[in-house]
Amino acid sequence: MTEKEFIAMMQDEVLDTDSPIFLDMSLRDIEEWDSLSFVSFIAATRAMGKNITRDMIFPAKTVGDLFDLVK
């Protein structure tokens, strides 16, 4: 998955926002990043064949950290 594809997935499927998302953005600064988007991220990555767990996501601080999990 490319960075562009990942950003599109985050905007459309996970965060459901039109706001720009960048890899260096802190997850704390993204208003839409909440428990629902957390679960949506797991579901989206499972649909891609990745086995991302909540324990893998908890240490993530930026959107780029999440991208590293799916590369």
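A short reminder: the numbers here are calculations on the coordinates, not readings from a lab. Fair warning: this is a prediction, and the values are worked out from it, not measured in the lab. Note that each Cβ is placed from the backbone with ideal geometry, even for glycine, and that neighbours are counted across all protein chains shown.
Considering the range 58-71 alone, what residues qualify as being more than 19 Å from Glu5 (Cβ to Cβ) and either surrounded by 17 or more Cβ atoms within 10 Å (Cβ to Cβ) or not hydrophobic (A, V, I, L, M, F, W, C) (or both)?
Pro59, Lys61
Hey, can you tell me all the residues within the range 1-52 that are free of Cβ contacts under 8 Å to residues at least 60 places away in the same chain, outside any loop (DSSP other than H, G, I, E, B), among the acidic types (Asp, Glu) and closer than 17 Å to Leu69 by Cα?
Answer for the range 1-52, where residues must be free of Cβ contacts under 8 Å to residues at least 60 places away in the same chain, outside any loop (DSSP other than H, G, I, E, B), among the acidic types (Asp, Glu) and closer than 17 Å to Leu69 by Cα: Glu5, Glu13.
Check whether at least one residue in the range 53-61 is assigned to a helix (DSSP H, G or I), touching a residue at least 24 places away in the same chain (Cβ under 8 Å) and of a type outside the set (Phe, Trp, Tyr), and report yes or no.
No, the range 53-61 contains no residue that is assigned to a helix (DSSP H, G or I), touching a residue at least 24 places away in the same chain (Cβ under 8 Å) and of a type outside the set (Phe, Trp, Tyr).
Out of the residues in the range 31-57 that are charged (D, E, K, R) and within 20 Å of Thr17 (Cα to Cα), state the one that is surrounded by the most Cβ atoms within 10 Å (Cβ to Cβ).
Glu32
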